[in-house]
Each structure stands twice: as C-alpha cells, then as structure tokens.
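For reference, the structure discussed in these notes is given below.
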Amino acid sequence: MSQYIPNFIIPDALLLLFPFIVIGSRLFCDYKSKIPWRIANFGFIAIFILLNLIPLASGEGRFFISNWRVDDFGVLMREVLMVSAILGMWLSKDYFEHGADGKPQMHQIAEFIGAIAFATFGGFTVVSACDLLTFFLGLEIATIPMYALTAWNKQDQMGSEAATKYILMGSVATAFELFGFSYLYGFAGSLHFNEIQHAITNGTSPLLWLSVLFLFCGIGFKLTLFPFYTWAPDVYEGAPTPVTAVLSVTSKATAIAFLVVLVYGPLAPIQQQIAPLIALLAGVTLFVGNLGALKQSRLRRFMAYSSIAQAGYIMVALLGPATMGKTAIVYYLFVYAVSNYLAFFIFGIIGHHREETFASLRGLSKQNPSLAIALAISMFSLAGIPPLAGFFGKFHLFFSGASTGHYVLVAFAVLNNVLALFYYLQLIKSAWVDEPDGHLTPLRLTKRQRGVVILLSIAVVVIGFMPFLSDNIFAGFNL
Amino acid sequence: METILFNAIWVIPLLTVLVCAPISATHSKILKSLHAASATVVLIAVCFLTYRVYALSGTPVDKAADPLMLRFFTDIPWLDVFKAHYTVGADGLNMLLLALTAFIVWAGVLVSWNIKGNQKVFFALIQLLATSVYGVYMSFDLVLFFVFYEMEALCMYLMIACYGSGRRDYGGKKLTLTLAFGSSMILATLFGIYFEGGISSWSIVELSKVTLPMDFQMWAFPLMFMGFAVSSSLFPFHFWSPDGHSAAPTAVSMLAAGVMMKMGAYGCLRVAMFLMPEAAKIWLPYVVALLIFNVVLGPFIAIRHKDLKYITAYSSISHLGLIFLGLAALTPIGLRGASLQMISHGFLTGLFFATIGMIYERTHTRDITEMGGIMRKMPFLGVGFVIAGFAGLGLPGFSGFIAESTIFIGAFQQDSTLTRIVTILAILSITTTAVYILQTANRMLHGPLPQKYESLTDGCFREKLVIVVLVACLLFIGVCPGWISEILDQSIAPIFAKIAASSIPVVGG
C-alpha cells in the first residue's frame, strides 16, 4: 500500500494542502497584496485540470486505499465541485475589492477562499468514502466552513443571524445523521459500506427502516427537502451573494452526492422499497419550492426557493437504476452549477450598485441589453426550456425516473415546470418589460465580470445540445 | 446535395442570428437586410425542395425511411445517453408546412420592418422562432421534435412582452404558460412511449412499426392529444389564443396563428394518432364533441368582438376546429382535408394579421367601431383584408373552399351520428363566419371616414409585396388544389394505412 502514491489521489491531496498554502501565503506579503489571490486562482484551476488529465487507471476504475475510493462518479463529482469552487472564487473577488466608498464589503480573501476549498474537500471526501465514519467526516468538513462563510460580512447583521440559524439547523441535522448511522451500525455490525450492503441483502429489520428515516431527515436539512427546507430562504438571503451561490451549488452537490452514495451503495438492495419515500420527498419538495418562489420579490430569496425546487427535481433521478441515475445527477449538477452561477453573477453585478430585488432589474434590457440576454438565458435554462442546458439536464433526470415506471411522479414534475416557468418569467419580465427607473444608472461591468458572464452564457447555451459534451464525458465512464 | 439543402433550412436562420450578433444595434438597416435576405434564401430553398418532393413522388426511398416515404432522410446519432438521434426527413405534408412557414417568416420579417424597440433582438428572436418551427416540421425523432417544439416558448414570451401592444405581459404569459402546459403533457407521455415501446428508440419511423401496449395508449393518447391540441386552441384550451394574439406584434401574430398553431395539429396527426392509432379510434369521437365549441360557438363570439385581432383569433379558433374535425373523421379524405386546411389557414390567417397589422400601424386602433371609410384611403390594404376574409369563409376560388369542403366530405363519410351532426353544424356555421367577416369589413372599410384619418396613406411597396404574395398563394391552392393534394397524399397514405390496420382490442378484458 505504501510503496507508491497512486496518481488519482494527487488532486485530493493537493486540494487538502491548498487552503494552507493560500492562507499561509498571507504571512509573507502585505495586506493589499494580490499574491494570495493569484495563488488561489492558479491552484484551483491546476487542480481542475489535473482532475481531467489524470487518467483513471485502466480496468474497472475503482480503487481502495484503506477507506478512500475513487470511482467514475467520484471523479465527475469532483469536477462539479471544482467548477463550483472556481466560479465561487471568481464571484467573490469583487466583494473584497475597494468599492466607490473606499471600503471593501468583506475582508481576508485568502481565508475566504481557504474556507471554500475546505468545503470542496468535504465534498471530495463524501464521494470517496466507503465507510460511515469517513462519510460523516466528509459531510461535516463540507458544512462547517459554510457556517463561517455565511457570517463572513461582519458589518451585516443579517449575515450573523443567518449563520446562527444555519448552525442550529445544521447541528440538528448532524444529530439526525449520527443517530441514523448509529442504528445502521447497530443493524449491520460494521461501518463498512460493503458489509452493510451485505447485511441488508440478507434481510431487513425495523431498525434499518428507522435508520433510513433518520438519514433522510438528516440529509433533508442539507438538501433542503420538504419539510426541512425552511432555513434555506433566510440563510440564502442573509449570506453574502458569493456565499449564497456556493451554498446553493457546492452544498447541494455534496448533499445529493451523499444520497447517491447511500442509495446506490449500502442501501442498493432496498432501493425499490424506499422508492416511495424518495418519490414523495421529491414531489412535495419541488411543489413546495415552486409555490414558495411565486411571490418573492428579493432575488436571493427567490433563488433559495428556486433551488429548493431544483433539489426536488434532482431527487426524481434517484428512482432510476444506478448508471442512469448517477449520469443524470452528475450531468444535471453541471448544468445547474453553470446556470445558477450565471444568475448569481448577474445578481452580484446588480448588487454592487443597487438593492438585490426584482425592482432593481427594471429597464435592464434597455440599459444593458447583453446582461438582460444573459439573465434570460440563465432563467430559461433553470426553467428547463430547450435548447438550453437546463432542459437536457431535466430530461436526464426525468428519463431516469421514468425508466423504472414512475410516470405519475414524472408527469407531476413536468407539470410543475409550468409553475416554475411562471416565476422565472416574472423575473425576466422585470428585466425586459418594465420601463427603466429614472434614477437607476446603467451598470458598469469590469472586464472579469463581462468575461465570466459571456463564458457562462455560451456554456449554458452549448452544453445542452452539443453531443460531445454530454455523451463523451460519460462514454468512457462506468457510472 | 438536396439533403444538405434540406438540413440547411433550420440552420440558416440560426446562422443569421450568429452573423448578426456582433453587428451593433445601431446599424439596423444592415441587420434588417441580412434577416430579409436570409428569409428569402430559405424561402427559395424550401420552394425548390417542395418541387423536388413533388417530382420525386413514386420513386423508391431510402430503406431506413421506408414506411413513411421520407425524402432527404438524415439520421445521425445525437445524444447517446438516451439514444436520441438527429433524424429529419421530408414527406409531402411536412414539406408543404415548411413552405408555408417559409412564406410566413418571410412576410413576417418584411411587415415588422419598422417595429419599435431593439430591432436587433427582435429579428434575432423571429429567426429563432423560425428555427424552432422549421425544426418541428422536419424532425422525425421525438426528442429532437420536442426540443424544437418547446423552443418556441422562449421566443414567444420575449417577443410579445417586449414588442407587443395592450396587455402584453399578461397576454405573453398566458400564451407561454398555456403552451408550456401543453408541452409538459406531451413530455410526460414521450417517456412512456420510449419505455413502453420496447425498442428503446425515439424515432417516429421505428416506433410506427411497433404497437404500443393498449393500457398505456388509453391514458397516454388523450394526454398527448390534448397536449398538442393546446397549441391549436382546441376547446377547453383555447383561452390563450385571443389574449396572446391581440397582445403580440404583427409578425408574431402571423407566425403564431399561421404556423405555430398548426404545429399542434401536425403533432396530433404525426405523433399522437400515428403512434397510437388504436387509442385514437376510441378517443377521437369524444374530441368531436369538443369541436362544437370551436366550430359553432367560435364564430358567434367573433361577432361580438370589436377588436380586429380578437375577431381574427376567434376565427382562427373556428378554422382550427375544422382541422380537428378532419382528423377525427379518420378517413383518408378527412385527413387530406385537415392537412389542406392547415396550409390554407396558415396563408389566410397570415394575410389577415398582416393587413390588420398594417392598418393598425396607421390608425393606431384596432377597434372597428372607431374606424370607417378605410377603403377610401387604403384601397390596397382594404382589398387584402377582404380577400383574407373571403378566403376564410370559404369562397370558391380560394384555398379555404377546397380545404373546408374536403373536410366536410371526409367527416360525413365517418359512420357516426355525432360526427355527422357536428359536420352539419360546421357547414351551417359558415354563415356565421360570413356575418362577422362582412360586418367587420363593412364597419371598417366603408362608411364615413373619421377626420383624424384624412392623412393616412396606402401600403408602401414592401407591404404591397407581402399582400400580393400571400394572396397569390391562396389563389394558387384554391385554383389548382390537385397538385397540392397529390403531394399530400404521399404522406397521408402511410399514416392512414397504419390507422386502418389497427384494430381496437377489447379493453379491460
């Protein structure tokens, strides 16, 4: 085992080292230095490239180093998490710059990026775990930095309130999970996934069902499933915009990865039996999320409900067989990350000059047509209108759900899309139809903002229908 | 070569958008000319290909496209994850509908020459809408079909809400959401077709060779049929159309009523009825009952309205009802009549909305009670409007007569009392149609000219050209329908063969 370090572990190890380097680099440079930012940029991108370059060792692409496993799903999830981290870092940069009033909104960018890296590493751990202990550790590594990030803006009362709320809710969720794990251990007599799976294959007991229930409750908090979603709108609104974006993508991706690992791993033998529970959670969550979003007027609160609904849609895919479900979820997370970040970049640009409400969008199509087009692209993609990526993502999810005959749920989810389309149209209406407000000056974009918005818009348009992007990524993998 | 040209039909509009993207919005002349040129190129290409489809009729086709007699067949794997293919082809019906679309898009670009607002975005959206409609008619793969079908929602809302008039946001939302509701019903059943079909294929050609399980068909057919019927404003899903059309700018009304509403009827025929003929036989008689509203009550509502666009919208509702009457008849003549009506109504409603738009641009009102004596100031536009009206009420010589009489003959052949009663009612309702058309023409075109309209001018060359071309199309179909029917029959024969071959099994056992 210790004779050589397998190459697939390099990105993981680098990412673990990365926050220390970035934070440590501040010791050697002055307060306003750009070096930590450059290191962070270089590091994240290098890790992302390494993830793509390092070939999975030939064969089944599945390794064990004590409790660390890197399979195809793991690699793809790592890429999603890295994309999210990179975009989150770019989005946050503006908040640390000196604005018109000479003061940045937030301080200590190096620590901020370090926290994002830790959260990302938590996601890595979740998808690599093969026993309950590592699994739990990963989930916590992913969550705890988010608590700190939520309260990063020290002048903002709302942020502290949101963080408090988040910590309280998160702790309860952790308790639920631990409880579920303990029962699972009690049932199977082992922490290892394979042995748990083996034990479940041999027969079930009420203890198992109780533990499954607790696990779903626990993860329900983190994935904002009904009825545990109530913290999300407050936290999303209270946190700084880049944190909200990271929260809605990285956290959600980690939580759904947790479920995927669980449902297709140790709980695979009883997937059929827990399907009604998943279907119920999915259906109710997406309905509640959509209903909640209808009447929102603040952008981040709106995005919170929208992401609750998206969580419901993602759950639909968990009903399908393993390969199909995993493909659908990974693909959707890519699409969701890109569309969501596009929206948050635009909201961030608006937030620098105005309040983040629907009313601030007025007249956007007259003053900044390109921004209005980008906004429409991201909203239509989230609503699942072809040929944008969101449609193909949702198509994947529904395809997976329908493959096991859950037509009623799929029909319900599809009909809910109409509801979703309504509120996304509300937002587009604010930007496109409403006349500009006299005292709102046109927004000025920095070069980076413009570049990222254009890049993401093109990505949202193209990754859907370009076959090489959706197929060939997955063609070489056995998910 | 022709296959490449055929595939270019939907690519050219998209390329135009890309080419125009870097040009600054201030050069609106250049942008508009580019869009007009691209629409003209597509129009010429489509006309040429339609002629080729006619000329090729009777010759053997590609083996893969066998039962449907598809020309220019292209089949490329597209999204392997769910085995979607890029499958396009042309038979008579969709080629003619493509030709109709090309004419309407061309006319739509020309009539919106002076549209207010950001012209660059508007014309780009028209081209995107055109792409979507072309794609729907061309594709023979259900995923591809649905992608194009749903794409319209993206363009429609923005075009209506940003460039429309009156209650534009309301109208746009109503239209978009209702259509999205329809397409979500379709999407839900598409998955069922894929998994229940048992051959893991989305291809309409392949799926037509299998029989879907009966209990699946029984719930899927009504869902899918109604899903498509939403966009053809079949009762009770007609409510979006008057508000949507009246709020939309001229070109969008033309496209929406002229070609998009046909997409629904086309989908009913091509997908729902073709793939689930057994269930169609059971369910379609109930659809006939719904038609009483469309065909009989639609014209009555039109009489009561004062807004020109509302009148035309209700007239469209009644004319589309006739398409469904032809489809529900399930006889070859009925299907041919329905297809003819799709094409004929596309041209005449295009002409209707075009002239209304031109008149509205001058009078700034669509209320017929405020107008009068328009004929004296705008004889050309007035005549265009009257011709559209006459074609609509089925005056022999125009396309409407051929299409409607074919439908009536076909529907009356159906051995069902309900269908015959509805057919008779439909024939009688032509009188009602005549009432609202003549009443509208009378109030608007004749009588005293209000003082404020003294300075109005007749259509310019661009507008006259649009009217002349559309009238010529109406006359062409009306005067020599044989040519069109011959093209149509190529594609209707396989569809009818499939329907005729199906037997209704005992349901429930």
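The values are calculated or read from the model by the stated rules, or taken from the named source; none is laboratory data. Everything numeric here is computed off the predicted structure, so don't read it as measured data. Counting neighbours? That spans all protein chains shown, and the Cβs are built from the backbone with ideal geometry, glycine included.
The table that follows gives values for the structure above.
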{"read-out": "Checklist (1) more than 14 Å from chain B (Cβ to nearest Cβ); (2) at pLDDT 75 or above; (3) not in a helix (DSSP H, G or I) applied to A:Asp434, failing item", "value": "(1)"}
{"read-out": "The range B:62-99, subset in a helix (DSSP H, G or I), within 14 Å of chain A (Cβ to nearest Cβ) and of a type in the set (A, V, I, L, M, F, W, C), residue nearest to B:Val133 (Cα to Cα)", "value": "B:Phe82"}
{"read-out": "Unique residue being of a type in the set (Phe, Trp, Tyr), buried (at least 16 other Cβ atoms within 10 Å of the Cβ) and assigned to a loop (DSSP other than H, G, I, E, B) when the list is A:Phe226, A:Phe221", "value": "A:Phe226"}
{"read-out": "Pairs with Cβ under 8 Å, 6+ apart, first in the range A:248-263 and under 17 Å from A:Asp72 (Cβ atoms), second outside any helix (DSSP H, G or I)", "value": "A:Ile256/A:Leu223; A:Val260/A:Leu318; A:Val261/A:Ala129; A:Val263/A:Leu318"}
{"read-out": "Enumeration of residues in the range A:415-427 that are within 7 Å of chain B (Cβ to nearest Cβ) and surrounded by fewer than 24 Cβ atoms within 10 Å (Cβ to Cβ)", "value": "A:Leu415, A:Val418, A:Phe422"}
{"read-out": "Any chance B:Gly478 is touching a strand residue (DSSP E or B) at 6+ places or on another chain (Cβ under 9 Å), within 28 Å of B:Gly258 (Cβ to Cβ) and crowded, with 16+ Cβ neighbours inside 10 Å", "value": "yes"}
{"read-out": "Residue in the range B:222-238 that is among the polar types (S, T, N, Q), surrounded by fewer than 22 Cβ atoms within 10 Å (Cβ to Cβ) and in contact (Cβ under 8 Å) with a residue 24 or more places away in the chain present", "value": "no"}
{"read-out": "Which numbered condition B:Phe148 misses (of (1) within 14 Å of chain A (Cβ to nearest Cβ); (2) under 21 Å from B:Ala21 (Cα atoms); (3) surrounded by fewer than 24 Cβ atoms within 10 Å (Cβ to Cβ))", "value": "(2)"}
{"read-out": "Check on B:Gly192, facing another protein chain (nearest Cβ under 7 Å) and either at pLDDT below 90 or closer than 23 Å to B:Ala229 by Cα (or both)", "value": "yes"}
{"read-out": "Residues (under 24 Å from B:Ile303 (Cβ atoms), of a type in the set (Ser, Thr, Tyr) and surrounded by fewer than 24 Cβ atoms within 10 Å (Cβ to Cβ)) located in the range B:315-369", "value": "B:Tyr360, B:Thr363, B:Thr365, B:Thr369"}
{"read-out": "Criterion (at pLDDT 90 or above and within 14 Å of chain B (Cβ to nearest Cβ)) met by exactly one of A:Phe334, A:Phe344, A:Phe358", "value": "A:Phe334"}
{"read-out": "Number of positions in the range B:53-63 that are over 17 Å from B:Leu488 (Cα atoms) and surrounded by 14 or more Cβ atoms within 10 Å (Cβ to Cβ)", "value": "1"}
{"read-out": "Single residue of the range B:417-462 satisfying the filter (without any contact (Cβ under 8 Å) to a residue 40 or more places away in the chain and surrounded by 14 or more Cβ atoms within 10 Å (Cβ to Cβ)) that is farthest from B:Leu322 (Cα to Cα)", "value": "B:Arg420"}
{"read-out": "Top-ranked residue of the range A:194-218 - restricted to ones that are small (Gly, Ala, Ser) and not in a loop (DSSP other than H, G, I, E, B), ranked as surrounded by the most Cβ atoms within 10 Å (Cβ to Cβ)", "value": "A:Gly218"}
{"read-out": "Matching residues, the range A:403-413, being buried (at least 24 other Cβ atoms within 10 Å of the Cβ) and at the interface with another protein chain (Cβ under 9 Å from one of its Cβ atoms)", "value": "A:Val410, A:Ala413"}
{"read-out": "Those residues of the range A:15-40 which are closer than 16 Å to A:Ile86 by Cα, of a type outside the set (Lys, Arg) and surrounded by fewer than 17 Cβ atoms within 10 Å (Cβ to Cβ), in sequence order", "value": "A:Leu16"}
{"read-out": "Selection within the range A:378-392 - within 9 Å of chain B (Cβ to nearest Cβ) and part of a helix (DSSP H, G or I)", "value": "A:Phe380, A:Ala383, A:Phe391, A:Phe392"}
{"read-out": "Out of B:Ala441, B:Ala434, B:Ala391, B:Ala411, sole residue that is assigned to a helix (DSSP H, G or I) and closer than 21 Å to B:Val469 by Cβ", "value": "B:Ala391"}
{"read-out": "The range B:172-181, subset out of contact with any Leu (no Cβ under 9 Å at 6 or more places or on another chain) and surrounded by fewer than 24 Cβ atoms within 10 Å (Cβ to Cβ), residue nearest to the other protein chains (Cβ to nearest Cβ)", "value": "B:Thr178"}
{"read-out": "Residues of the range A:286-321 satisfying the condition of being surrounded by fewer than 24 Cβ atoms within 10 Å (Cβ to Cβ) and among the β-branched types (Val, Ile, Thr)", "value": "A:Val288"}
